[in-house]
1. Across all directions of projection, what mean area in square nanometres is found for the Cα convex hull of the chain?
2. Would you list, by chain and number, the aspartates and glutamates whose Cα falls below 19 Å from the Cα of Lys3, excluding same-chain residues fewer than 8 positions away?
3. Is the C-alpha gyration tensor of the stretch 21-87 telling us rounded, prolate or oblate? Criteria: a/c under 1.5 is rounded; beyond that, a/b larger than b/c is prolate, otherwise oblate.
4. Using a simple spin-label model with points 7 Å from Cα along the Cα→Cβ vector, what separation in nm is obtained for Thr18 and Val93?
5. If contacts are Cα pairs under 8 angstrom and at least 6 residues apart, what is the relative contact order of the chain in percent?
6. Could you work out how far helix 88-112 tilts from the main Cα principal axis of the chain, as a 0 to 90 degree angle to the nearest 10?
7. Can you tell me how much longer the chain between Ala101 and Val32 gets when fully stretched, taken as 0.36 nm per residue apart minus their C-alpha distance, in nm with one decimal?
8. Please report Leu113, Leu12 as a ranked list, fewest other C-beta atoms within 10 angstrom at the top and most at the bottom.
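None of the figures in this text is laboratory data; all of them are computed from the coordinates on show. Please read all numbers here as calculations on a predicted model, not as lab measurements. Backbone-built Cβ (ideal geometry, glycine too); neighbour counts: all protein chains shown.
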Amino acid sequence: MAKSNKPIFWGLFAAGGTLAAFLAPALALLFVMVSLGHAPGLFSYDRLHAFAGHWFAKLFLFGVISLFLWHAAHRLRVTLFDFGLRQDGKVAVLAYLVAAAGTVLCALYLLRL
């Protein structure tokens, strides 16, 4: 029996989807509050920069952003297949390369903070 990469990508997809289901509504609410000028003092630039500079926060942000990227890549792959783009191999490579590049760029950016 040939080995498959599917469990790796399905695991990233499932973790990203679970995280998105729990965090995306809360993040959307916070962004709306900030855009309307009703943000608590906790969301000032200085406090958020200090938060993002801590090693545990960097690890948390890296996990959230990278899992969102991998979830989006898999969703895009499946959606394009459903819309009739039957080049699944090429779409998968492109979508997952973009997610991998975004993950690497996220890590580099967070390490620079």
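1. Projected over every direction and averaged, the Cα hull of the chain covers 9.4 nm².
2. Here the aspartates and glutamates satisfying the reach criterion relative to Lys3 are Asp88.
3. Here the stretch 21-87 falls in the oblate category.
4. So the two model labels end up 3.2 nm from each other.
5. 34 percent
6. With rounding to tens, the tilt is 30 degrees.
7. So the extension gain works out to 22.0 nm.
8. The fewest-first ordering by Cβ neighbours comes to Leu113, Leu12.
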